[in-house]
1. Test Asp252 against the criterion of being within 13 Å of the ligand (Cβ to nearest atom), over 27 Å from Leu156 (Cα atoms), touching a Ser or Thr at 6+ places or on another chain (Cβ under 9 Å) and modelled with pLDDT of 95 or more, and give yes or no.
2. Determine, yes or no, whether Pro290 is more than 13 Å from the ligand (Cβ to nearest atom) and not assigned by TED's automatic domain parsing to the domain that holds Ser419.
3. With of a type outside the set (Ser, Thr, Tyr), farther than 22 Å from Leu14 by Cα and within 7 Å of the ligand (Cβ to nearest atom) as the only criterion, which of Gly375, Gly385 stands out?
4. With respect to Gly223, determine if the residue is within 16 Å of the ligand (Cβ to nearest atom) and either crowded, with 20+ Cβ neighbours inside 10 Å or on the phi > 0 side of the Ramachandran plot (or both).
5. Of the residues that sit in the range 281-312 and are surrounded by fewer than 16 Cβ atoms within 10 Å (Cβ to Cβ) and in contact (Cβ under 8 Å) with a residue 24 or more places away in the chain, which one is farthest from Gln93 (Cα to Cα)?
6. I need a count of the residues in the range 75-120 that are in a helix (DSSP H, G or I) and among the polar types (S, T, N, Q).
7. So which of Arg48, Arg44, Arg52, Arg27 ends up being over 19 Å from Ile217 (Cβ atoms) and without any contact (Cβ under 8 Å) to a residue 40 or more places away in the chain?
Amino acid sequence: MNTSQIDKGNSRVLVIGAGAAGLAAGRSLHDAGYDVILLEARNRVGGRAWTRYDLAPHPVEMGAEFIHGDKAVTWSLMRKYGLHALDKVDWEQGGAYLDERLLGPEAFDALPHAEKFSLVHVDEAAEAWHNADQPDSSLTEILGTDEMPEGMRALLRNRFTGDMAAEPERLGIYGWLEWIRVHDGQDDFRLVEGYSRLMERLADGLDVRLNAPIERIKWDANGVTAHTRTGDTFEARCAVVTLPLGVLQAGDVTFDPLLPANKQAAIAGLGSGLVNKLILKFKEKFWTGPSPALLTTLDSQIWWRPGIGRANEAPIVTGYMGGQAAERFMALGEERAIVEGLHHLEQMFGLKELQRQLETGWLVAWPADIYTKMGYSYVPVGGAGLRDQLAAPVEQVLFFAGEATSRECASTVHGALESGFRVAAEVMG
Ligand SMILES: Cc1cc2nc3c(=O)[nH]c(=O)nc-3n(C[C@H](O)[C@H](O)[C@H](O)COP(=O)(O)OP(=O)(O)OC[C@H]3O[C@@H](n4cnc5c(N)ncnc54)[C@H](O)[C@@H]3O)c2cc1C
């Protein structure tokens, strides 16, 4: 048992969680001269940005993989810390598996309705919906799938379910409109050194207490006391809460007194989307062609090569599945999920006994991870405004950050980073 010797009312700030949001907040406050302690449940920093360096000659991302956009705030941090990015991902070269055929990029682009797979198409349709003064409804209303043949409709559904971590019928049009991503720029990039290196650089010199799972936050107008499951307590003038929405919804951390009703409503009202990665490492590569990604009508939804663009690319493919497909894969358990993934690859590539070529595999089931309990957040029908409600401070004592609080670029690392910088300014203000 260890109780920190701090008087409430001093300048100490506790940051709960050392993922991208917590680290950005902690970094800003520390650099501004605040006395900051980051309390992190895991034995590492980074949260959902987690790179493994022992699986291949190059980094392999278990969680976040891409920098979404050439103007994301992530770039300035990369420059500051001397980190690098690979060339942009050439999604244009991606293919698709539908109606039991594997299609290359040209064949896919030539299909009727192929243009409806772009986010811009949905942005425009959502804007039109809003301009026509229509009430909020689900994304299914605007995806334009009515005229599509069944295979194409299933493919489009998988494309958005994988990307958004929830089926289109769960996603609200007005919530989509909040997610404007204006500052993000174009294209997607991978980090040469892996996301964990960025997180570690951000954490450099900060007072991060690892293995410190918080179970209770006691607060009043004068300050906060955070209690860990291991019996330690930390006191401070205020706390920045960056817990994943899934953890907040599960009530794993109790607030004493309870959070105000509007904060509880925001927590309950936003959606915790589900995503898994299925990472399969082979003895040698079984694919041909340069395809950076394959969209499929199968439950595995989307596949890519994590090492593409690297001179030392290992024969690894990553399956990415969201929503109920993620649940179905989790229900199989890791071993059967790997076999299922192999069957999908065999079916798509017309191969047999791929298992013989498999070296090893991992199902990275973030929703089953006790310190995440989700993939990333989404705004359901009727939920526009809830991200701001979640982000708002409570009595200048409890401050909130994390990807779910980012109205404009939720579900990303840079959205989480921005929320951390935003909350630090609030604390300082
Ligand atoms: C599979 C997957 C793929 C993704 N791909 C991308 C991508 O390509 N590009 C992109 O930009 N984004 C991607 N994302 C989203 C991105 O990872 C998140 O938006 C971002 O990392 C969230 O950061 P955060 O700080 O809000 O939350 P987190 O990173 O989850 O940080 C919260 C921290 O709180 C800690 N914590 C939890 N409970 C407790 C407790 N009781 N006490 C103390 N600490 C606790 C956690 O351990 C964690 O470290 C992906 C996410 C997933 C799951």
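The values are calculated or read from the model by the stated rules, or taken from the named source; none is laboratory data. Quick caveat, the model's predicted, so the values are computed rather than measured. Note that each Cβ is placed from the backbone with ideal geometry, even for glycine, and that neighbours are counted across all protein chains shown.
1. It is false that Asp252 is within 13 Å of the ligand (Cβ to nearest atom), over 27 Å from Leu156 (Cα atoms), touching a Ser or Thr at 6+ places or on another chain (Cβ under 9 Å) and modelled with pLDDT of 95 or more.
2. Taking the combined requirement at face value, the residue satisfies it.
3. From the options Gly375, Gly385, the qualifying one is Gly375.
4. Values: within 16 Å of the ligand (Cβ to nearest atom): no; either crowded, with 20+ Cβ neighbours inside 10 Å or on the phi > 0 side of the Ramachandran plot (or both): yes.
When the stated conditions are applied, Gly223 does not pass them.
5. From the range 281-312, those surrounded by fewer than 16 Cβ atoms within 10 Å (Cβ to Cβ) are 283-286, 288-290, 311-312; that's our starting set.
Filter again for in contact (Cβ under 8 Å) with a residue 24 or more places away in the chain, leaving 283-286, 289-290, 312.
Details: Lys283: 25, Glu284: 22, Lys285: 18, Phe286: 18, Gly289: 10, Pro290: 7, Asn312: 21 Å.
Checking each candidate, the answer is Lys283.
6. 2
7. Residue meeting the stated conditions: Arg52.
Residue by residue, here is whether (1) within 20 Å of the chain's Cα centre (by Cα); (2) small (Gly, Ala, Ser); (3) within 16 Å of the ligand (Cβ to nearest atom) holds:
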site: Leu29; (1), (2), (3): no, no, yes
site: Leu39; (1), (2), (3): no, no, yes
site: Gly46; (1), (2), (3): yes, yes, yes
site: Thr51; (1), (2), (3): yes, no, yes
site: Ala72; (1), (2), (3): yes, yes, yes
site: Met78; (1), (2), (3): yes, no, yes
site: Glu100; (1), (2), (3): no, no, no
site: Leu119; (1), (2), (3): yes, no, yes
